[in-house]
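The values are calculated or read from the model by the stated rules, or taken from the named source; none is laboratory data. It should be emphasised that the depicted structure is a prediction, and the values quoted were computed from it without experimental measurement. A quick note on method: Cβ atoms are made from the backbone with ideal geometry, for glycine too, and the neighbour counts reach across all protein chains shown.
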Amino acid sequence: MSRTAEISRKTKETDIKVKLNLDGTGKPDIVTGIGFFDHMLTALCVHGGFDMTVKCKGDLNVDGHHSVEDTGIALGKAFAEALGDKSGIMRYGSAFIPMDEALGFCALDISARPFLVFNAHFTNERIGDYEACLTEEFMRAFAFNAGITLHLRSEYGSNDHHITEALFKALAHALKQAVKLNADGSTLSTKGTL
């Protein structure tokens, strides 16, 4: 069973192409025009064990919002497509990830019931050329388009780079658990379907 997807999304604001292999080796090919965002998507790919290509051309002359949010939309759609009917997956995942002084937590359910709870506070407006507030926008777009109930929390931390990276890596490790195939291929739901 091939758990792969290719998504193209073109608007007046962005042109995005995503390729995803859930059963990869953590090979990234990421170019969004926003250096820190590339770094976070690379961490998501490597720590999740996914092969991921993300190419985004966006209206960065305005700001990074459209590029980050639309990448979340496209990547979420790719996850949903690669998972198909979601039968046989472990469904749930969670992880605490330390990043120096920061500790990030993620718990998620690949349930087809999208929701986001995001609890993190940033000291600075920007991390390099990336607006710190866009982390929540990315996570919302990703969760709602992937059909994931997603809870993210920064337990503590003082460095915005570390706080954000801990959250992305926690997401990666939780996703890695949740997309793993269970022993008998059954659907982990009392309803019999996700």
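Miscellaneous remarks
- Check on Phe50, surrounded by 18 or more Cβ atoms within 10 Å (Cβ to Cβ), aromatic (Phe, Trp, Tyr) and over 17 Å from Glu136 (Cβ atoms): yes
- Looking across region 8-31, just one residue is polar (S, T, N, Q), more than 27 Å from Phe96 (Cβ to Cβ) and crowded, with 18+ Cβ neighbours inside 10 Å, and that is Thr14.
- Selection status of Glu125, surrounded by fewer than 24 Cβ atoms within 10 Å (Cβ to Cβ), closer than 24 Å to Lys12 by Cα and modelled with pLDDT of 95 or more: no
- Cβ-Cβ under 7 Å pairs, at least 6 apart or on other chains, region 66-89 side surrounded by fewer than 22 Cβ atoms within 10 Å (Cβ to Cβ), far side modelled with pLDDT of 95 or more and of a type in the set (Ser, Thr, Tyr): His66/Thr14; Ala82/Thr4
- Residue pairs whose Cβ atoms lie under 6 Å apart, sitting 6 or more positions apart in sequence or on different chains, and linking a residue in region 128-145 that is free of Cβ contacts under 8 Å to residues at least 24 places away in the same chain to a partner that is of a type outside the set (A, V, I, L, M) and surrounded by fewer than 19 Cβ atoms within 10 Å (Cβ to Cβ), are Glu136/Phe118.
- Where Tyr92 falls short, out of the listed (1) under 24 Å from Pro28 (Cβ atoms); (2) surrounded by 15 or more Cβ atoms within 10 Å (Cβ to Cβ); (3) not β-branched (Val, Ile, Thr): (1)
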